There are 2 protein chains.
Amino acid sequence: MSLLEQIRFNEAGLVPAIAQDATSGRVLMMAWMNEEAVRQTLHTGFAHYYSRSRQAQWKKGESSGHVQKVLDIFLDCDGDTLLLKIEQTGPACHTNRASCFYRHLEGGDWLIVEDPLK
Amino acid sequence: MSLLEQIRFNEAGLVPAIAQDATSGRVLMMAWMNEEAVRQTLHTGFAHYYSRSRQAQWKKGESSGHVQKVLDIFLDCDGDTLLLKIEQTGPACHTNRASCFYRHLEGGDWLIVEDPLK
């Protein structure tokens, strides 16, 4: 069975992919991949995702330069989630923060705990 | 705006939640929450998820005892993914492994890199 056949894409043909900084262990973002995005990621060694809003595949950092070199890929027990170990160039988040998870729950609200890079 | 209103649940009323070991930084699993699972997680301090196959909310570890104490919760920039910092009791995976991500890509196939606990 090919490696792609073991990935359980959902009814929309997508699989969630968690990007984690390979060095710090920080979770950077979660995005979706279609089969073509997985292929392009494997082929190029850089993370490609599928934008559900734009309905198109994209290379992460293609316009910003904030690319993600993929050092390792893990598949979970159910085969329906990927975990990418990443070497991130620049901030991962489009808000110019290192991680998209820059708000945490405190005092009953989502508190921003990380400022954008200058 | 309440903290729940800032979470963008999908068309099925669910949001993906990534569970990460708070100490080691290891990503343990990804599961889904509905609004009630988020409420129960906040209310009890232990992770609750929503099973899409069983169409029911469940407390992680309710039968196995492998519960997840939630130390911190992050929300991503789009508001559509949660990241939980977890203190895990026992293995997180139903296969008796510490993490559900126990297979990685090597030589064109998914290679198991972690054995189940005895």
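Structure summary
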| read-out | value |
| --- | --- |
| Förster radius 22 Å - calculated FRET efficiency between A:Asp80 and A:Ser53, Cβ distance, rounded to 0.05 | 0.55 |
| Relative exposure of B:Glu11, B:Glu5, judged by other C-beta atoms within 10 Å (fewest first) | B:Glu11, B:Glu5 |
| Computed lengthening from B:Arg8 to B:His94, 0.36 nm per intervening residue step minus Cα-Cα distance | 28.1 nm |
| Shape parameters for the stretch B:20-118, alpha-carbon atoms, Rg then Dmax in Å | 14.2, 45 |
| Helix A:35-44 vs. chain A, principal-axis angle (Cα, 0 to 90°, nearest 10) | 80 degrees |
| Neighbour-count order for A:His94, A:His104, B:His43, fewest beta carbons within 10 angstrom listed first | B:His43, A:His94, A:His104 |
| Sum of -39500 (n - 2.57) over DSSP H runs of 4+, divided by residues of chain B (222 nm, nearest 500) | -2500 deg cm²/dmol |
| Under 18 Å, Cα to Cα: Lys pairs in chain B, sequence gap 8 or more or different chains | 5 |
| Ranked B:Ile7, A:Ile112, B:Ile73, criterion: other C-beta atoms within 10 Å, fewest first | A:Ile112, B:Ile7, B:Ile73 |
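Bear in mind that the values in this text are calculations on the coordinates, not laboratory data. Because the structure is a prediction, the values reported are computed rather than measured. Note: ideal-geometry Cβ built from the backbone for every residue, glycine included; neighbour counts use all protein chains shown.
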